[in-house]
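The values are calculated or read from the model by the stated rules, or taken from the named source; none is laboratory data. Model, not experiment: these values are computed from the prediction. Glycine gets a Cβ as well: all are built from the backbone with ideal geometry, and neighbour counts include every protein chain shown. Just so you know, the surface numbers come from the protein's heavy atoms only, side chains and all, with ligands and any DNA or RNA stripped out. Shrake-Rupley method; radii C 1.70, N 1.55, O 1.52, S 1.80 Å.
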Amino acid sequence: MGTDILAEFLPKQKLLFDSIVHGAAPWIGYGGARGGAKSFAVREIALWLAQSPLHQYSAMIFRKHAKELHHNHILPLLSRSPGLRKHFNKTEKILYSEDKRPLITFGYAASDLDVHKFQGMEFDLVFVDEATQSSEYLLKFLKTVNRSTVPGWIPKIVLTMNPGGIGHAFIKRIFIDRHYKENEVASDYSFIQSYLWDNVYWVAEALLRDGISHETYYSWTDQQRKEYCLRYSEYAKNLSSLPHDLREAYLSGDWEIFGGMFFKNFSSKRNVIKPFVIPDDWELIGSLDPGFSSPCSFGITACSKMGVVFRVCTYYERELPASVHAETISRMLKHEGSEVRKLLNGRIPSLIVAGRDAFARKEMYGAIPNEHTYADPFLKEGFRLESANTERVAGWWKWKSLLPDRYFIFDKFNQPLIQEMMGATSDPRRPEDLAGGGNDPKVSDHALDEQRYGIMGLQMKQQRIIPETLVSAPAYLRL
């Protein structure tokens, strides 16, 4: 690549550089595990492309918190290149060129509301370091300021990440699972996986001692480099000593095993299982979280005789009248060809609990009182809704007490719930509750609330659904 700075780049960092300069994807994911020298790549690529006469791309380096931004980017960049200090404005947190052109803006926003301070700005490149610590809303907002007037240039937003955090579910979906929603195109997203053993500097001393060049190290297979790092890198040894779930997430870049910061004992590998027909003598309960502009979530939960809880299915749709939700759910439960009906062996839940909004009398989702409620169309379909126990902390506690061995989710029928669980984080002011406390429209929690109603509803039907002693997983869990 022709410069001293780029010559120092590791192979995966060079791939990132090429993806930024020559790639067509406007969203680039980089990392996926700890120790891959992500922050160094961000700083040096941003600086080189901002200073290069051929490019002169304006860049923003973003980190959620100001202190992390200072210690992980500003300080290392100015320490490595002391001559830049005289061009750095501490108040603005902007690095300028000698001719006063903005090169790099260092931005942070601890909350989603704070990110609006960047409204109206334009950056050819946006680098979001540790992107899983930011919400989907915040990341998508940053993409709106990632725009350019440079002819022929495709603005890029680069997200570096490790598994875990509030943005886990969104980043996993677009970069790892490659599952796209309406208006999302697969070719807009590219991902470069980087592991600790892709960073030769973790074993530089050992290589020098053994007389092995960096070139030889990179000629080895991934497995050979991994084994060498695990043998000689202290950082790799530290990661290896973590509990299994964190070790697999941080060292091996396993996005499936990490259950989010709120449901710490949830693992999609362990708790998402192959569907089976629910026995006729098991308890069934339905649960509903009403919504119009926000999603309406409906689910079926089953409880075995031994107190093991199974999430059977999730219905999750928005911007439809209650009557359409009721009709669709009715077909899902009653139609002969329905896969859900087959799983339930034709049974209908004897109790369906719903959030309080289902019983409010108002004019079609407005504020004018009248005789209609959200529950009325369900009654016409033969489903009588009853008021759910909506206690938040008690509900979350009851649900989490079932993990990891007494709560399982059927695969293929519950993707919205799984995604919300993987992305769930605690409220910083009230750790026992979910972020937003149920009042933040930017937090995806509709399936979570609805499942909480269902689990508390099981308790309504049975004084005790959980035995005092743990039970072994039955044979059907080993499918």
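Before moving on, here are some points about what is shown:
One line per residue, one yes/no per condition, for (1) among the small types (Gly, Ala, Ser); (2) modelled with pLDDT of 95 or more:
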{"site": "351", "(1), (2)": "no, no"}
{"site": "354", "(1), (2)": "yes, yes"}
{"site": "358", "(1), (2)": "yes, no"}
{"site": "361", "(1), (2)": "no, no"}
{"site": "364", "(1), (2)": "no, no"}
{"site": "367", "(1), (2)": "yes, no"}
{"site": "370", "(1), (2)": "no, no"}
{"site": "378", "(1), (2)": "no, yes"}
{"site": "393", "(1), (2)": "no, no"}
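- Within segment 282-316, tally of residues that are open to solvent by 10 Å² or more (accessible area, probe 1.4 Å) and β-branched (Val, Ile, Thr): 1
- Residues of segment 403-426 satisfying the condition of being in contact with a strand residue (DSSP E or B) (Cβ under 8 Å, 6 or more places away or on another chain), more than 15 Å from residue 297 (Cα to Cα) and either at pLDDT 95 or above or not in a loop (DSSP other than H, G, I, E, B) (or both): 406, 407, 408, 409, 410, 426
- So residue 185, is it over 14 Å from the mean Cα position of the chain (by Cα) and open to solvent by less than 20 Å² (accessible area, probe 1.4 Å): no
- Verdict on residue 347 being open to solvent by less than 10 Å² (accessible area, probe 1.4 Å), within 23 Å of residue 460 (Cα to Cα), of a type outside the set (Phe, Trp, Tyr) and not in a helix (DSSP H, G or I): no
- For segment 67-111, a residue qualifies if it is under 20 Å from residue 123 (Cβ atoms), assigned to a helix (DSSP H, G or I) and under 28 Å from the mean Cα position of the chain (by Cα), and the qualifying residues are 68, 69, 70, 72, 73, 74.
- Taken together, the residues in segment 12-54 that are in a loop (DSSP other than H, G, I, E, B) and in contact with a Pro (Cβ under 9 Å, 6 or more places away or on another chain) amount to 3.
- When we screen 232, 228 for residues that are farther than 26 Å from residue 417 by Cα, buried (at least 18 other Cβ atoms within 10 Å of the Cβ) and modelled with pLDDT of 95 or more, the only hit is 228.
- Set 430, 406: member being open to solvent by 40 Å² or more (accessible area, probe 1.4 Å) and of a type in the set (D, E, K, R): 430
- Filtering 171, 166 for residues that are modelled with pLDDT under 95, assigned to a loop (DSSP other than H, G, I, E, B) and closer than 22 Å to residue 145 by Cα leaves a single hit, 166.
- The set of residues from segment 22-47 being open to solvent by less than 10 Å² (accessible area, probe 1.4 Å), in contact (Cβ under 8 Å) with a residue 40 or more places away in the chain and of a type outside the set (A, V, I, L, M, F, W, C) comprises 29, 30, 31, 32, 36.
- Residue among 139, 159 that is assigned to a helix (DSSP H, G or I) and farther than 21 Å from residue 267 by Cα: 139
- Selection of segment 180-193 for residues being without any contact (Cβ under 8 Å) to a residue 60 or more places away in the chain and not in a helix (DSSP H, G or I) yields 180, 181, 182, 183, 184, 185.
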